[in-house]
Structure formats: structure tokens, C-alpha cells
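What follows is one structure encoded as C-alpha cells, with my remarks underneath.
Read the figures in this text as sums done on the coordinates, not as results from a lab. Being a predicted model, the structure only gives us computed values, none of them experimental. No Cβ is skipped: glycine too gets one built from the backbone with ideal geometry, and neighbour counts run over all protein chains shown.
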Amino acid sequence: GQLYGDVLYFATEALAGWTHSDPHPLYFWVYFVGLNGIWVLVPALLILDAWHQLATAQRGHDRPRHKAH
């Protein structure tokens, strides 16, 4: 949900032509992109980690089982 909200936040501002952000480069890159980018990076990393964990679990589940006699 956080990642979806951030994408909407950045996309609506981009579609508005960046009219609501301060045009000063330091403000734009440090505050708008940098600090808000953390809220995109962290959920993205968590999604990638979850994907990796699920794929590993699925591979373990899909391995053929041998019956022990």
C-alpha cells in the first residue's frame, strides 16, 4: 500500500508539471526525491525479499520426494 501511494504521489506531481514543488534544486533533489524516495526503496526491497523467500520455499516444495524404505 505504501509503495502504491508513493507512486501516485510522484506520478500526480509529474503529471501536474512539478507545479507544487519548490523549484530550488537542493529542495527538489534532497527533500522531494531523496527523502520521499526512501519510502519507495524500503517497500521495494521488502517486496523483493518476500519474492525471494517465496520462490525458495516453492522450489523446496516442488522437489520430488523419495520414499524411504
**Report entry** At 0.692 mPa s and 37 °C, Stokes diffusion of the chain via Kirkwood alpha-carbon radius, µm² per second
**Finding:** 217
Requested in this report: Evaluate the distance, in nm, between pseudo-label points positioned 7 Å from the Cα of K67 and of L15 along their respective Cα→Cβ axes.
Outcome: 6.0
Query - Rounded to whole Hz, the Karplus (6.51, -1.76, 1.60) HN-Hα couplings of segment 12-21, x for glycine and proline - result: 5, 5, 5, 5, 7, x, 6, 6, 9, 9
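Please give the contour-minus-distance gain from I38 to L26: 0.36 nm per residue of separation, less the Cα-Cα distance, rounded to one decimal in nm. Don't skip to the answer; put the middle values down first.
Values: separation 12, 0.36 × 12 = 4.32 nm, distance 1.67 nm.
Computed gain between I38 and L26 is 2.7 nm.
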Report summary line: For segment 28-36, in residue order, the Karplus 3J(HN,Hα) values (coefficients 6.51, -1.76, 1.60; θ = phi - 60°; whole Hz; Gly and Pro = x) are 4, 6, 7, 7, 5, 7, x, 6, 6
